[in-house]
Amino acid sequence: MNVELFRTYADNVQERFGLSKEQMFAKTRQQEYVDARQMLYLLCDRSGMRISYIERYMKEIGHDITHSTIIHGIRRAKKVMYEDDGYKDIIKKIESDAV
């Protein structure tokens, strides 16, 4: 179940950011790609998904990432969500579409 939810969230985030799968999971620090990945981590976290699962799914896609990087990304995305109502609306829309 978690892997399907992860893929659904990833597809929705890619669409919102206008990114291809290759761009979203590229090993780069380009801010737009980082922001998209951090939104994905936040969505997964809010659904109750364990960090270890997020880490595994990212690795399966080819983006090897550490536990601490995911946690950092979740914290950054939470901060943006609380400061930006538009971002919060996107999170809620993606969550409701995934149900």
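The values are calculated or read from the model by the stated rules, or taken from the named source; none is laboratory data. Just so it is clear, the model here is predicted, and its values are computed rather than measured. No Cβ is skipped: glycine too gets one built from the backbone with ideal geometry, and neighbour counts run over all protein chains shown. Accessible surface areas use protein heavy atoms only, side chains included; no ligands, DNA or RNA. Shrake-Rupley method; radii C 1.70, N 1.55, O 1.52, S 1.80 Å.
Taken together, the residues in the range 40-68 that are surrounded by 15 or more Cβ atoms within 10 Å (Cβ to Cβ) and among the basic types (Lys, Arg) amount to 1. Taking the range 82-99, which residues are open to solvent by 70 Å² or more (accessible area, probe 1.4 Å) and among the basic types (Lys, Arg)? Within the range 82-99, LYS92, LYS93 qualify.
Does HIS72 satisfy the criteria of being modelled with pLDDT of 95 or more and open to solvent by 60 Å² or more (accessible area, probe 1.4 Å)? Spelling it out, HIS72 is indeed modelled with pLDDT of 95 or more and open to solvent by 60 Å² or more (accessible area, probe 1.4 Å).
List every residue pair whose Cβ atoms lie under 9 Å apart, where the two residues are 6 or more positions apart in sequence or sit on different chains, the first residue falls within the range 10-36 and is closer than 18 Å to ILE71 by Cα, and the second residue, located anywhere, is open to solvent by 90 Å² or more (accessible area, probe 1.4 Å) and not aromatic (Phe, Trp, Tyr). These pairs meet every condition: ALA10/LYS21; LYS27/ASP64; VAL34/ARG76; ASP35/ARG76; ALA36/ARG16.
Taking the conditions (1) farther than 23 Å from GLY18 by Cβ; (2) part of a helix (DSSP H, G or I) in turn, GLY48 satisfies each one other than (2). Please work out if TYR9 is among the aromatic types (Phe, Trp, Tyr), open to solvent by less than 60 Å² (accessible area, probe 1.4 Å) and under 10 Å from the mean Cα position of the chain (by Cα). Spelling it out, TYR9 is indeed among the aromatic types (Phe, Trp, Tyr), open to solvent by less than 60 Å² (accessible area, probe 1.4 Å) and under 10 Å from the mean Cα position of the chain (by Cα).
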